[in-house]
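Q: Sharing a structure, written as structure tokens. Questions coming.
Derivation of every value follows stated rules applied to the coordinates shown; laboratory data play no part. This one's a predicted model, so the numbers in the text were calculated from it and none came from an experiment. Neighbour counts run over all protein chains shown; Cβ positions are idealised from the backbone, glycine included.
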Amino acid sequence: MPVPFVPDDFEPPRGLAAPEFVLEPLGPQHNESDYPAWSSSIAHIRATPGYADSKWPREMTLDENLADLERHARDFESRKGFTYTVLDRQGGEVIGCVYIYPPREGEPGDAAVHSWVTADRAALDEPLWRTVSAWLRDAWPFREPVYAARPGPG
């Protein structure tokens, strides 16, 4: 029997508030804001640490994106993986995403974590990484999450 990604008695956080952004579970309700966020920043996302070998982002229609968001919401509810949208604290628009999933076969760690922010919010990449890294340490049951480091400011 496969080991569950998170313990049965663990309640995944329903969000996180930071000074510059808010995280909440990603779902189909974010489609209209999520789609333009990532599709306007494909080159930037591909250059983000952790995405060098990724097949995503790739061109998709709005309907294909909706299906992807529905899959992420199902994964969250079934505790197979946890995707959070990153929302601007001021206007509430999607400015990024955080993915927490089991590592692929042969990969190190007990969680594979990736995040991105839109090209116009590139300065938030490092603060998001720091905030999520602390959150993983303090609020999640993982011992060895793998999350590509970001260069510090300066």
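Q: Picking from TRP56, TRP135, TRP116, which is most flexible by a Gaussian network model of the chain using Cα springs under 10 Å?
A: Judging by the Gaussian network model, the answer is TRP56.
Q: Also, quick follow-up: Treating only the Cβ atoms of Lys and Arg (+1) and Asp and Glu (-1) as charged, compute the dipole magnitude of region 27-142 about its Cα centre; round to the nearest 20 debye.
A: Magnitude of the dipole: close to 280 debye.
Q: Taking the chain as a Gaussian network, Cα atoms linked when under 10 Å apart, which of THR48, THR118, THR131 shows the biggest mean-square fluctuation?
A: Per the Cα network of the chain with a 10 Å cutoff, THR131 tops the list.
Q: Among ARG46, ARG14, ARG89, which one shows the biggest mean-square fluctuation in a GNM of the chain, springs joining Cα atoms closer than 10 Å?
A: For the chain, modelled as a Gaussian network with Cα springs under 10 Å, the answer is ARG14.
Q: Pull out a ≥ b ≥ c, the square roots of the eigenvalues of the alpha-carbon gyration tensor of region 27-142, then state rounded if a/c is under 1.5, prolate if not and a/b is larger than b/c, and oblate in the remaining case.
A: Rounded, since a/c falls under 1.5.
Q: If each residue of separation counts as 0.36 nm, what is the full-extension length gain between GLU20 and LYS80 once their alpha-carbon separation is subtracted?
A: So the extension gain works out to 18.8 nm.
Q: Would you please state the base-10 log of I(q)/I(0) at q = 0.19, 0.32, 0.34 1/Å for region 1-43, with intensities from the Debye formula using one equal scatterer on every alpha carbon?
A: Taking Cα atoms of region 1-43 as identical point scatterers yields -0.83, -1.09, -1.11.
Q: Further question on the same structure: How long are the three semi-axes of the equivalent ellipsoid of region 103-154, in whole Å, if each is the root of 5 times an eigenvalue of the C-alpha gyration tensor, listed from largest down?
A: They are 22, 13, 9 Å, listed from largest to smallest.
Q: Looking at region 1-92, which GluC sites (Glu not before Pro) are in a loop (DSSP not H, G, I, E or B) and have at most 10 other Cβ atoms within 10 Å?
A: Filter output for region 1-92: GLU59.
Q: Can I ask one more? Suppose only helical runs count, i.e. DSSP H with n ≥ 4. What mean residue ellipticity at 222 nm does that imply for the chain under -39500 (n - 2.57) per run, divided by all residues and rounded to the nearest 500 deg cm²/dmol?
A: Calculated from helices alone, the mean residue ellipticity at 222 nm is -9000 deg cm²/dmol.
Q: Classify region 31-79 from the C-alpha gyration tensor, please: rounded if a/c falls under 1.5, else prolate or oblate depending on whether a/b exceeds b/c.
A: oblate
Q: Once both labels are modelled 7 Å past Cα along the beta-carbon direction, what's the GLN90-GLU59 spacing in nm?
A: 3.4
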